[in-house]
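Since every read-out is calculated from the coordinates, none of them should be taken as a lab result. Note that the structure is a prediction, hence the values are computed from the model and not measured. No Cβ is skipped: glycine too gets one built from the backbone with ideal geometry, and neighbour counts run over all protein chains shown.
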Amino acid sequence: MSNTFEPKILGILCNWCSYTGADLAGTARLKYPPNVMSVRVMCSGRVDPGFVLDAFRHGADGVLVCGCHPGDCHYVEGNYKVMRRIPLTHRLLEGMGIDPKRLRLEWVSASEGVKFQQVITEFTEQIRALGPIQLKEVAFAPDEHGGNGHVTDKKLAGEEV
Amino acid sequence: MPKPKLAVYWAASCGGCDIAILDIEAKILDVADFFDLVLWPCAADFKYKDVEALPDKSITLTLFNGAIRSDENLHIARMLREKSVVMVAFGSCASDGCIPGLANLYSLDEIMDYSYKSAPSMESGTKTMPQPKTQVEEGELTIPTLWNTVRTLAQCVDVDYYIPGCPPQSDQIAAVIGAVIDILKNNKPLPPKGTVLGATEKSCCDECPRERNVKKIREFHRPYEIIPDPNICLLEQGIVCCGPATRGGCGAKCVTANMACRGCYGVPPGVRDQGAKMVSAIASVVDSTDPEEIEEIMKGIADPVGTFYRFTLADSFLRRTQK
Ligand code: SF4
Ligand code: SF4
Ligand code: SF4
Ligand code: FES
């Protein structure tokens, strides 16, 4: 199974540098794995650690956050904010039994199409090696997505409660 | 007119919430006067079978404290939900999982093994473990089975309102009970479902009298390591204070006693995950733009999961350890 595992990775890219860098990788027709699904935010400083945790509990195998290089943020210090959040988020993940290597922060400028290609390739391979995230399913009732999310006897029976 | 019925229940709880209700002092007489008490295991000897015999929706108000972590907890929660018009998750355990929810950092096997075999206080070599079923001469004895995952009340049954706090402050309880009596007496409309009662719509910091100067810090301290200035924000003095990630309502009780807020009122409005919010709050006071230095400074926080999720782990995004 493991050699056919295709990781699902959420990429959160800042509008001014990294998303443009990704765009450049595309227009330059650089090849990289299709596993990263990108979401654009105005600034990496917008990335709340809650986005990361929410992504994992919805089954993301990895989360990649990309912003402008330090000193280059269009909002001056948004990327310093995320730079301070990530190490503590890593420790939260570790404490919750999720390998912190599943979350990565990278600086990608608008001209670094090649770096974007490398980061995506490398991170995808790293997550592939880590394998699929295995959540304790029963704890993940679909509370915000239809259904009332309540524990049912069916869920309790047979499953690890 | 018959009196409206009231039930108070404890599931996986410490009993503190029941005591907090008794702590409303003379107001408890209004409660006894206005309501017909049908269940309150902590205070009086009612029988489950009498409550089970009541028609559905015949209990006007149930104040349910305690988390759900066994078949028995679930059974009573469902039964009371059926019988009650208004179901209130009372206190942090029922609302957020609270301290019992920290069991979600381990598996049930690990917990049982530690509690009954390997804890230093256990006689070594003991093999006695609680069994769900035991045969004795008189027949079969059963005890409820514990779950691997501790859950909040709302993860198990429909909840109408929440009263946060570990335990909720007695003046807040008195105010809520006063408001409920007023609503029922005068036929006023109930607040919208899901409303958090007995708390504010802001964070604990909002009630905190300490001065804030956006001072940047380069080192964290455990509370015993320094004597904090009584007038300045604790977080700005390098003491992890969960005020920014906690709902107001207690009157900043701990903070005014020179102790950091530990987060018992749960998430403030607009916040879903207390730990994530705390990470952001901490990040915003750290004064460094050097990744290695940041890593070092953050090491000063001994136990992020246990500190940021002390009361809300079971209701956080990840809910339990995923190992
Ligand atoms: S919320 Fe606090 S006081 Fe109430 S039962 Fe739980 S641990 Fe005890
Ligand atoms: S962080 Fe704590 S000490 Fe600082 S303002 Fe908020 S509640 Fe008060
Ligand atoms: S200050 Fe924080 S921990 Fe203390 S009672 Fe208030 S909400 Fe709870
Ligand atoms: S705009 Fe790119 S990191 Fe802030």
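Some values worked out for this structure:
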| read-out | value |
| --- | --- |
| Cα-based shape type of the stretch A:65-115, given that a ≥ b ≥ c are square roots of the gyration tensor eigenvalues and the cut on a/c is 1.5 | oblate |
| Full-stretch length increase - residue B:134, residue B:175 - with 0.36 nm per residue and alpha-carbon distance subtracted | 10.1 nm |
| Globularity ratio of the stretch B:174-323, using Cα Rg and 2.2 N^0.38 Å | 1.20 |
| Cα-centre dipole for the stretch A:6-85 with unit charges at Cβ (Lys and Arg positive, Asp and Glu negative), debye to 20 | 20 |
| Nearby lysines by direct alpha-carbon distance to residue A:115 (threshold 18 angstrom, same-chain neighbours under 8 apart not counted) | A:31 |
| Out-of-range pairs (alpha-carbon distance over 29 Å; input A:136/B:277; B:27/B:202; B:277/B:323; A:8/B:202; B:57/B:277) | A:8/B:202; B:57/B:277 |
| Chain B - percent relative contact order, Cα under 8 Å, separation 6 or more | 18 |
| Antiparallel %, DSSP beta bridges [both residues in chain B], to 5 | 30 |
| Distant-in-sequence amide H partners of residue A:105 (H built 1.01 Å from N, under 5 Å) | A:65 |
| Kirkwood hydrodynamic radius (C-alpha pairs) into Stokes-Einstein, the stretch B:148-211, 4 °C and 1.567 mPa s, D in µm²/s | 92 |
| Rounded to 5, the percent of DSSP beta bridges in the protein assembly as shown classed as antiparallel | 20 |
| Volume per residue that the Cα convex hull of the stretch A:1-138 spans, once the total is divided by residue count, Å³ | 93 |
| Alpha-carbon Rg/Rh ratio, for the stretch B:98-231, with Rh computed the Kirkwood way | 1.12 |
| Peptide B:304-312, shielding by other chains (average Cβ, 10 Å cutoff) | 3 |
| Ranked packing of B:64-71, B:172-179, most packed first, by mean Cβ within 10 Å | B:64-71, B:172-179 |
| Average Cα contact separation per residue, chain A, under 8 Å, 6 or more apart, as relative contact order % | 31 |
| By average C-beta atoms within 10 angstrom, highest first, the peptides A:33-44, B:90-101, B:3-14 | B:90-101, B:3-14, A:33-44 |
| The stretch B:1-150 - share of DSSP beta bridges that are antiparallel (%, nearest 5) | 30 |
| FRET efficiency, 1/(1 + (r/R0)^6) with R0 35 Å, evaluated for residue B:56 and residue A:125 via beta carbons | 0.05 |
| Gaussian network model of chain A, Cα within-10 Å springs - most flexible of A:150, A:58, A:90 | A:150 |
| Estimated dipole of the protein assembly as shown in Debye, rounded to 20 [Cβ of Lys and Arg +1, of Asp and Glu -1, Cα centre] | 840 |
| Shielding by partners - mean other protein chain Cβ count within 10 Å, residues of B:153-164 | 2 |
| Percent of Cα pairs exceeding the 36 Å cut-off, where the set is chain B | 28 |
| Within chain B, helix-based [θ] at 222 nm, where runs of 4 or more DSSP H residues each add -39,500 (n - 2.57), nearest 500 | -8000 deg cm²/dmol |
| Crossing angle, helix B:170-185 versus chain B [Cα axis fit, 0-90 degrees, rounded to tens] | 40 |
| Quarter of Cα convex hull surface for the protein assembly as shown, i.e. mean projection, nm² | 28.5 |
| Relative contact order (percent, whole number), the stretch B:204-315, Cα cutoff 8 Å, 6+ residue spacing | 30 |
